[in-house]
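**Q** Let me give you the structure first, and then I'll get to my questions.
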Amino acid sequence: MDDTDSQSLTGRIERRTFLGSLGGALVAAGTASGDASTVVTGAATQEDEEEDGQEDDQPDPGERITSARRIGPRDVHAQNYHMLWAYRKRQAVETLLLEPAVHDVASDWVASFEAYDPLSNDLDAISIQGTTGMSVTAERMGVNLDVTELSAEQATLSETTFKVTAENRQVAYGLVDRTTDELVGVHVTDPMDVKWERGYTNAEQLRRHQFTLGHDEVWQHLEERQWYPFVKVAEVITAYDDFPHGAVTPIAYYFETDDGGLALLSTFVDVSGDSYELLDVTRVDDFVRMSPMDIAARMTPTGDSQLGSLPVPPMDQRPQITGPQGFHNISTPPSTIEQSNWTVRWDPPVTEGAVVDASYNGETVFEDLAAMATPTGYDLPVRDGRNTREWFFPEDEPVFSGDLLYWDIHSPTFGGPGVLGKTDYPATGRHPEGFRFRTHYHTGALPNARDFHSGHRFGPYNYYINFDFYEDGVFMPSWQRQGPGYITEYLNRPERREREGPVQFYLSFWAFRPLPAGGSPEVYLFEGDEWRQPDEEFYVEGDELTQVRFTNRSSDHTIDIPLDDQSEMVVVRRHADEIGEAVRVVDAGPELEFYHPAQYVDGESIQNRDLMAWLILEAPIHEVPHPSGIATYTSLAEMNLSGYE
């Protein structure tokens, strides 16, 4: 596709069509009524159902357990923090599965999900959960339909809601001693059915599914089976092959296999013109590599069950995203947090995650800080020393160099839940006191991730976005990815690959207004020799020597941001029609034009001006074992304050 074709294609994606697809995605992400709060409330109802609790004769958890807290990146060496999340999660799952009662439950699952939090006192909090099957009923104009009896034409006669039941979901919780790999706490919940709705509930969605299901290579996998439709977030955040941002939508279908398992049909459809084109169809049988079921099948527990003999892990010592019945354990902090010399104000997520303003010792540090986008690329070319803009977007336009890219959003409507809560860090020998403001997003899942946490997790993602503040003026933003997204479509099907670079690579785009002591800053850049003041907007690659500094010209208030070889920074003037000020997805024009913060570098002066700074974190997830879900990749950054006494 040449430049002329690309421009004309982008031009054909009219605002009406764009917003129509957005509305469709919003409905697909929620229930038929499209109300996110309804879904979350429904989840809360299930969470509040009585859980099979601790028996009278079970031991109480001792102080080692009840005093354990979630740890942060300064509780251990930074490299060890990465290692905990990358390796201990898998080990903790294996230890939990060696418990015979847990192994018996997990061996019957057809879909699963796992969660992990490293705790103080050398403990790992782990949970695994799964379901034994799926049933689906279609509803149209108040009439229930048996999906196994529908033809493709009957399935798409009119707008339809699919009512899905994931059957017999159980959660196994464990506490594992990190030193001995012994289980010190365990609990298994009673089975419960988890319900949600998907469907095509407006004319645009219906037309797309009529087109897709009308192809034999699609319908042959669904005919006479339990199945339901799934759309991640449509074309609004997608680039595919040589098509630009906004031209191609993913459309997928979960279905029951012949042996009672769960599989998915992944398709991509060009929706940019008046007529559609089916670009690809791939069957996916494994949503992750090394699921709890896979691990269970490879081991044989020995010894007697300890269920009932060990303490039940308390709620605060379970993984935060699965604490109550496998759902999120949410304790929303006040919108203004005053602690550890910091004043932090946050606004709820829309599409860019929580938006944070911060002051230290009463003086402004930054405003409007948010994780604006998580670009997720598949089947990339070899990097060859290029920066991320040149590597991902070599033509300097919103056309990806690989096969598939999502500019993921962070929204409670598209999976959420958003804000989880606040974790306090007491002073230790390693660091002063502080706290973490923690958020979590399952981009593409239902609100509160009812589907994702029931094992229906191909396509959507699993991100922690954390804000750590310390009493000594250190702020550490971090981004953590668990997957799986679409990676097994490429890992398990080599024929899907056409390029020699990584199978998958992430970027995390953070934007903020640097305002040391409230003023438009002077900007300095250190690249190994001396500090200099750039006159114009810039894009800099990081290494172990590079730093960016923002300072107040009338005082000593200074913000230093050290970079490394997996981070970059862009500093530009702030404009209303650019992402950072414009709202992701909601503002259609800036969204369709967006691809990388470096696109906004165009020579404007930056000294003592109103600026937008972009911190770009790289995530080479192919460097962790089993990157499709069981291992977590962690990206860390740091801001250091001085002159704020």
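The values are calculated or read from the model by the stated rules, or taken from the named source; none is laboratory data. Only a predicted model underlies this, so the values are computations on that prediction, with no experimental measurement involved. Positions of Cβ are backbone-derived with ideal geometry, glycine not excepted, and every protein chain shown enters the neighbour counts. What goes into the accessible areas is simple: the full protein's heavy atoms, side chains included, and nothing from ligands, DNA or RNA. Shrake-Rupley method; radii C 1.70, N 1.55, O 1.52, S 1.80 Å.
**Q** Taking a virtual spin label 7 Å from the Cα of TYR87 along the C-beta vector, which residues in the stretch 559-598 bring their backbone nitrogen under 20 Å of it?
**A** Answer for the stretch 559-598: none.
**Q** Could you tell me which of LEU307, THR632, THR443 has its Cα farthest along the dipole of the chain towards the positive end, charges placed at Cβ (Lys, Arg +1; Asp, Glu -1), taken about the Cα centre?
**A** Among LEU307, THR632, THR443, the one farthest towards the positive end of the dipole of the chain is LEU307.
**Q** Once a ≥ b ≥ c are taken as the square roots of the eigenvalues of the Cα gyration tensor of the stretch 522-645, is the result rounded (a/c under 1.5), prolate (a/b larger than b/c) or oblate (a/b not larger than b/c)?
**A** Working: a/c = 2.00, a/b = 1.19, b/c = 1.69.
It comes out oblate by the Cα gyration axes.
**Q** Which ³J(HN,Hα) values in Hz, rounded to whole numbers, follow from the phi angles of the stretch 318-324 under the Karplus curve 6.51 cos²θ - 1.76 cosθ + 1.60, where θ = phi - 60° and Gly and Pro get x?
**A** These are the phi-based 3J(HN,Hα) values: 9, x, 5, 8, 9, x, x Hz.
**Q** Ranked highest first by average number of other Cβ atoms within 10 Å, how do 435-448, 212-225, 311-324 line up? Before the final figure, lay out the partial values.
**A** Numbers: 435-448: 25.3, 212-225: 16.1, 311-324: 22.1.
The densest-packed peptide leads the list: 435-448, 311-324, 212-225.
**Q** Further question on the same structure: Which helices pass in the chain if a helix is a full DSSP H run, must span at least 20 angstrom along its long axis by Cα, and must have mean Kyte-Doolittle hydropathy not below 0.5? Provide the component values of the computation, followed by the final result.
**A** On the way: long enough: 15-29 (21 Å, 0.81).
Both cut-offs are met by 15-29.
**Q** I would also like to ask the following. Probe radius 1.4 Å, ligands and nucleic acids ignored: give me the carbon and sulfur share of the accessible area of the chain as a rounded percent.
**A** On the way: 9630 of 22760 Å².
Looking at the chain in its full context, I get 42 percent from C and S.
**Q** What is the extension gain from GLU527 to ASP104, computed as 0.36 nm multiplied by their sequence separation minus the C-alpha to C-alpha distance, in nm to one decimal? The partial results should precede the final answer.
**A** Details: separation 423, 0.36 × 423 = 152.28 nm, distance 5.68 nm.
Length gained between GLU527 and ASP104: 146.6 nm.
**Q** Further question: What is the Cα centroid distance between the stretch 272-309 and the stretch 480-496, reported in whole angstrom?
**A** 12
**Q** Return the long-range amide H neighbours of GLU352 (sequence gap of 5 or more, or a different chain), with a cut-off of under 5 Å between placed amide H atoms.
**A** HIS410
**Q** While we're on this one: Quick check: pseudo-label points 7 Å beyond the Cα along Cα→Cβ at GLU618 and THR180, how many nm apart are they?
**A** In this crude label model, GLU618 to THR180 measures out at 4.3 nm.
**Q** Let me ask something additional. By accessible area of protein heavy atoms, probe 1.4 Å, what ranking do ARG298, ARG64, ARG386, ARG496 get, highest first?
**A** Details: ARG298 180, ARG64 95, ARG386 65, ARG496 25 Å².
Listed by decreasing accessible area, they come as ARG298, ARG64, ARG386, ARG496.
**Q** Working out 0.36 nm times the residue gap between ASP535 and ASP424, then minus their Cα-Cα distance, what length gain in nm do you get to one decimal? Can you show the working numbers first?
**A** On the way: separation 111, 0.36 × 111 = 39.96 nm, distance 4.09 nm.
Gain in length upon complete extension: 35.9 nm.
**Q** For labels at MET141 and ARG298 in the simple 7 Å Cα→Cβ model, what's the distance in nm?
**A** Those two pseudo-labels are separated by 5.3 nm.
**Q** Sort the stretch 224-324 into rounded, prolate or oblate with this rule: let a ≥ b ≥ c be the square roots of the eigenvalues of the Cα gyration tensor; rounded if a/c is under 1.5, and if a/c is not under 1.5, prolate when a/b is larger than b/c, oblate otherwise. Mind dumping the intermediate values first?
**A** On the way: a/c = 3.31, a/b = 2.12, b/c = 1.56.
Because a/c hits 1.5 or more and a/b exceeds b/c, the stretch 224-324 counts as prolate.
**Q** May I ask you to derive the relative contact order of the stretch 173-258, considering only C-alpha pairs under 8 Å and at least 6 residues apart, and to give it as an integer percent? Please list the in-between numbers first.
**A** On the way: 85 pairs, mean separation 16.8, N = 86.
Reported relative contact order: 20 percent.
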